[in-house]
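**Student:** My questions all concern the structure below.
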Amino acid sequence: MRATQFFDQALLKKYNTSGPRYTSYPTALEFNEQFSYTNLVSAIKESPNNELSLYVHIPFCHSLCYYCGCNKVVTRHRDKADTYLEFLAQEITEKAVLFKNYTIKQLHWGGGTPSFLRHEQMVKLVALLKENFTFAEQVEMSIEIDPREIEMNLAEHLYSLGFNRLSIGVQDIDKKVQQAINRVQSTEFIASFIAHAKQVGFKSINIDLIYGLPHQNIATFTRTLSKANEMAVDRISLFSYAHMPTRFAAQRKLKDEWLPSIEEKFALMKLAIEMLCDFGYEFIGMDHFAKPEDELAIAQNAGDLHRNFQGYTTKGGCDLLGLGVSSISAIGNSFSQNTKELQGYYKAIATKAHAHEKGVNLSRDDIIRGEVIRELMCNLYLDKNKINEKFAISFDDYFADDLPLLQTFIQDGLISNTRDHLRVDQKARLLIRNICMSFDAYLKQHINTQRFSRVI
Ligand code: SF4
């Protein structure tokens, strides 16, 4: 893969606006309290699916990374997780009875920091899930790891519990950058842990990197990317740091003058894309890279990639059940979310045995637009006839008000629109969410798009 095909600096600058990442359509901004728990139960009953992806949110972190925009609770007290697991157990038993006809194909623990849990707490949680849900024989089990507070033997422990995928937060290996973001960690330990995890049997390991952090420059980030390559992982997620200090208080610790300028940030992104492609990674979506033999790359080449609340996935056919504080579910024709605040979660579980707070029932228009956006996000291609057949519409008539919005992208050579298809050019890969915004019926209502991060 040649990196130059993805990068046209003038166009990237022109379209560097704020926009949703479309892990769902409609986005979470449309979730509302009119969508009740009863609506959620109906959506489960009406869903034609019988395969389930489980997401479990562990909200605790040992310390605060100043760039972070996640939903988390910072504490040094690991015992707090005991209380959390008690409430989570109640939610699991309440929800599991609604999913008796389902088979679990995928389990992901995210956070916060799932590796905040002690070994015995992990054992307890896996046992609880397996007692209550029916797991497929081949189940994809993944977990996010903060490498600062773990021991080498965590790899054996997770493997013995059935986990087969790891995702490790590296972000940047430079000490000055790490100090600025309050995330000092040992690169040598991370490299040894990854090597050890491979020996233990893990077949898929991802690391996260971030560009746009304080004090990053071409020299420092070249070292980070080279080190990432030496770790020889299967996937690399490359995120753009979105500086939104009015929304995320911790980011106020990062002084503006420490941050790279927009030109420097472009240069960092370009460097990363070029180096990762040179290292032999395929550029998957907006921010994911995978080795050609990895199933994300295989799925994309087969036009079979999907997207859900965790990003790109190969398990698009599954319903998604989120468990724990702030977790999001996508069941049948609905999206829903648990309460975001920990004490509120405890209170809700204690009084109602569930913590459902809001959601949305998808209209037919939401479903059609959602499919168009997903196809473009995942495959950079849309077969209009497939949409026409599936939904009994005429694509060009149905989207008559939206298609003129593509004109600017067509003029810039970023997309072609023929009678039968929409095809996104490779150089628009980084701008794909801008293109998808043309099909978003809700966006006009959110003039204040600063609620979303910038494209770059
Ligand atoms: S980046 Fe991860 S470990 Fe750091 S505060 Fe956020 S959720 Fe916690």
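A quick yes/no check of all residues on (1) farther than 19 Å from residue 167 by Cα; (2) in contact with a Phe, Trp or Tyr (Cβ under 8 Å, 6 or more places away or on another chain); (3) of a type in the set (A, V, I, L, M, F, W, C); (4) surrounded by fewer than 17 Cβ atoms within 10 Å (Cβ to Cβ):
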site: 307; (1), (2), (3), (4): no, yes, no, no
site: 310; (1), (2), (3), (4): no, yes, no, no
site: 317; (1), (2), (3), (4): yes, no, no, yes
site: 320; (1), (2), (3), (4): yes, yes, yes, no
site: 325; (1), (2), (3), (4): yes, yes, yes, no
site: 334; (1), (2), (3), (4): yes, yes, no, no
site: 339; (1), (2), (3), (4): yes, yes, no, no
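**Student:** Tell me whether segment 133-144 contains one or more residues that are part of a helix (DSSP H, G or I), in the same structural domain as residue 163 (by TED's automatic domain parsing) and in contact with a His (Cβ under 8 Å, 6 or more places away or on another chain).
**Tutor:** Scanning segment 133-144 turns up no residue that is part of a helix (DSSP H, G or I), in the same structural domain as residue 163 (by TED's automatic domain parsing) and in contact with a His (Cβ under 8 Å, 6 or more places away or on another chain).
**Student:** Name the single residue that is nearest to the chain's Cα centre (by Cα) among those in segment 145-163 being assigned to a loop (DSSP other than H, G, I, E, B) and surrounded by fewer than 16 Cβ atoms within 10 Å (Cβ to Cβ).
**Tutor:** Out of the qualifying residues, it is 162.
**Student:** A further question follows. When you go through (1) more than 25 Å from residue 283 (Cα to Cα); (2) buried (at least 21 other Cβ atoms within 10 Å of the Cβ) one by one for residue 382, which number turns out not to apply?
**Tutor:** It is condition (1) that residue 382 fails.
Here is a yes/no grid of residues against (1) within 20 Å of residue 147 (Cα to Cα); (2) in contact with a Pro (Cβ under 6 Å, 6 or more places away or on another chain); (3) more than 14 Å from the ligand (Cβ to nearest atom); (4) assigned to a strand (DSSP E or B):
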residue: 209; (1), (2), (3), (4): yes, no, no, yes
residue: 213; (1), (2), (3), (4): yes, no, no, no
residue: 223; (1), (2), (3), (4): yes, no, yes, no
residue: 226; (1), (2), (3), (4): yes, no, yes, no
residue: 238; (1), (2), (3), (4): yes, no, yes, yes
residue: 243; (1), (2), (3), (4): no, no, yes, no
residue: 252; (1), (2), (3), (4): no, yes, yes, no
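**Student:** Failed condition for residue 285, given (1) in contact with a helix residue (DSSP H, G or I) (Cβ under 7 Å, 6 or more places away or on another chain); (2) modelled with pLDDT of 90 or more; (3) within 25 Å of residue 375 (Cβ to Cβ), with all others met?
**Tutor:** It fails just one condition, (2).
**Student:** Here are 357, 375: which of them is touching a residue at least 24 places away in the same chain (Cβ under 8 Å), touching a strand residue (DSSP E or B) at 6+ places or on another chain (Cβ under 9 Å) and not assigned by TED's automatic domain parsing to the domain that holds residue 40?
**Tutor:** 357
**Student:** Got at least one residue in segment 4-24 being in contact (Cβ under 8 Å) with a residue 60 or more places away in the chain, charged (D, E, K, R) and touching a Cys at 6+ places or on another chain (Cβ under 7 Å)?
**Tutor:** no
**Student:** Another question, then. Among residues belonging to segment 282-303 that are more than 17 Å from residue 165 (Cβ to Cβ) and touching a residue at least 40 places away in the same chain (Cβ under 8 Å), point out the one that is surrounded by the fewest Cβ atoms within 10 Å (Cβ to Cβ).
**Tutor:** Out of the qualifying residues, it is 303.
**Student:** Evaluate the following for residue 102: is it of a type in the set (Phe, Trp, Tyr), assigned by TED's automatic domain parsing to the domain that holds residue 49, farther than 27 Å from residue 197 by Cβ and within 15 Å of the ligand (Cβ to nearest atom)?
**Tutor:** Against the criterion (of a type in the set (Phe, Trp, Tyr), assigned by TED's automatic domain parsing to the domain that holds residue 49, farther than 27 Å from residue 197 by Cβ and within 15 Å of the ligand (Cβ to nearest atom)), residue 102 does not qualify.
**Student:** I'm trying to understand the selection: among the residues of segment 144-176, which are away from the ligand (no atom under 16 Å from the Cβ) and out of contact with any Ser or Thr (no Cβ under 8 Å at 6 or more places or on another chain)?
**Tutor:** 151, 153, 155, 156, 157, 158, 159, 160, 161, 162, 175
**Student:** Restricting attention to segment 234-264, report how many residues are among the aliphatic types (A, V, I, L, M) and without any contact (Cβ under 8 Å) to a residue 40 or more places away in the chain.
**Tutor:** The total comes to 1.
**Student:** So, one more: If I filter segment 98-129 down to residues being surrounded by fewer than 17 Cβ atoms within 10 Å (Cβ to Cβ) and under 17 Å from residue 318 (Cα atoms), which single residue comes out as nearest to the chain's Cα centre (by Cα)?
**Tutor:** In this case the residue turns out to be 103.
**Student:** Give the residues of segment 174-195 that are more than 20 Å from residue 288 (Cβ to Cβ), in contact (Cβ under 8 Å) with a residue 40 or more places away in the chain and crowded, with 16+ Cβ neighbours inside 10 Å, sorted by residue number.
**Tutor:** Passing the criteria: 174, 177, 180, 181, 183, 187, 191, 193.
**Student:** Kindly provide the set of residues from segment 338-355 that are closer than 11 Å to residue 91 by Cα and under 21 Å from the mean Cα position of the chain (by Cα), ordered by number.
**Tutor:** The answer is 338, and nothing else.
**Student:** Just to verify a result, which residue in segment 380-426, among those that are part of a loop (DSSP other than H, G, I, E, B) and among the hydrophobic types (A, V, I, L, M, F, W, C), is farthest from residue 14 (Cα to Cα)?
**Tutor:** Per the stated criteria, the residue is 392.
**Student:** Something else: Could you identify the single residue in 13, 95 that is assigned to a helix (DSSP H, G or I) and surrounded by fewer than 17 Cβ atoms within 10 Å (Cβ to Cβ)?
**Tutor:** Result of the check over 13, 95: 13.
**Student:** Given the criteria acidic (Asp, Glu) and either in contact (Cβ under 8 Å) with a residue 12 or more places away in the chain or assigned by TED's automatic domain parsing to the domain that holds residue 92 (or both), does residue 389 qualify?
**Tutor:** No: the conditions fail for residue 389.
**Student:** I want to confirm something. Restricting to segment 52-72 and keeping residues that are crowded, with 19+ Cβ neighbours inside 10 Å and of a type in the set (A, V, I, L, M), which single residue is farthest from the ligand (Cβ to nearest atom)?
**Tutor:** So the residue we want is 52.
The values are calculated or read from the model by the stated rules, or taken from the named source; none is laboratory data. Model, not experiment: these values are computed from the prediction. Heads up, the Cβs are rebuilt from the backbone with ideal geometry, glycines too, and the neighbour counts pull from every protein chain shown.
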